[in-house]
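The values are calculated or read from the model by the stated rules, or taken from the named source; none is laboratory data. Bear in mind the structure is a predicted one, so any value in this text is a computation, not a measurement. Glycine gets a Cβ as well: all are built from the backbone with ideal geometry, and neighbour counts include every protein chain shown.
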Amino acid sequence: MRLHSATLAAVAAAVLLCPAAPLRAAEPDTSLAKQVKEIEDREAIRALLIEYGRQLDKRDFAAYSKLFTREGEWKGSLGSAKTPAGIQKMLEKSFSEMDLTIYQGSYHLMSNDDIRLKGDTATVWSRWTWVVSGPDGRPTAQRAGHYEDVVQREDGHWRFKSRQVFMDIAGPANTIQPRK
């Protein structure tokens, strides 16, 4: 009996003093969670690129300007502006000086996006093509170029921190005339 009690005490002491490998709760696969988050972020950024073209085509410059961060910046052939209010004002002024008949039925194609994520910011390179109704009524690529962007998550949404527009191919110089 005494031997049995001594053995039991020794086993209990060994268990208490020499614990086995610590027990851990199953951890989620963080690499899979990270991949899913990156896919979600890329799709949200692609949606931002498409929404940009949609609002530009509708000439809804108030909605368009909200696609930029509070300190967002736009640079291109129309000039440059900072902040959503400044961008909206620049576009309203520029479009008020143009003959808008060319814009009837026109639209932008957005393509070839290359998104490089880095936390809550990303750099984006993408192409654009402006399609108008040609002289024969058929769709005609009027101009084409690319964007170089920095996008940032602000208030839970991806927005443009900076967008620079480059025109790589221009249509005829006399296509867009100032309004008379």
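If you go through region 124-147 one residue at a time, do you hit one that is modelled with pLDDT under 90 and touching a Lys or Arg at 6+ places or on another chain (Cβ under 6 Å)? No; the residues of region 124-147 include none that is modelled with pLDDT under 90 and touching a Lys or Arg at 6+ places or on another chain (Cβ under 6 Å).
Of the residues making up region 96-108, those that are surrounded by 15 or more Cβ atoms within 10 Å (Cβ to Cβ) and either closer than 15 Å to GLN55 by Cα or not hydrophobic (A, V, I, L, M, F, W, C) (or both) number 4. Whenever a residue of region 46-64 is without any contact (Cβ under 8 Å) to a residue 24 or more places away in the chain, its partners that are part of a helix (DSSP H, G or I) and among the aliphatic types (A, V, I, L, M), lying with C-beta atoms within less than 7 angstrom and at least six residues away or across chains, give the pairs GLN55/ALA63.
Conditions (1) without any contact (Cβ under 8 Å) to a residue 24 or more places away in the chain; (2) within 17 Å of ASP60 (Cβ to Cβ), marked per residue:
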{"site": "LEU91", "(1), (2)": "no, yes"}
{"site": "LEU100", "(1), (2)": "no, yes"}
{"site": "LEU109", "(1), (2)": "no, no"}
{"site": "ASP113", "(1), (2)": "no, no"}
{"site": "ARG127", "(1), (2)": "yes, no"}
{"site": "ASP136", "(1), (2)": "yes, no"}
{"site": "ARG143", "(1), (2)": "no, no"}
{"site": "ASP155", "(1), (2)": "yes, no"}
{"site": "SER162", "(1), (2)": "no, no"}
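Only residues that are part of a loop (DSSP other than H, G, I, E, B) and modelled with pLDDT of 95 or more were counted in region 75-113, giving 1. Checking ARG127, ARG159 one by one, the residue that is within 12 Å of the chain's Cα centre (by Cα) and either among the basic types (Lys, Arg) or exposed (fewer than 13 other Cβ atoms within 10 Å of the Cβ) (or both) is ARG159 and no other. Considering VAL132, VAL150, the condition of being farther than 22 Å from ARG59 by Cα and in a strand (DSSP E or B) is satisfied by VAL150 alone.
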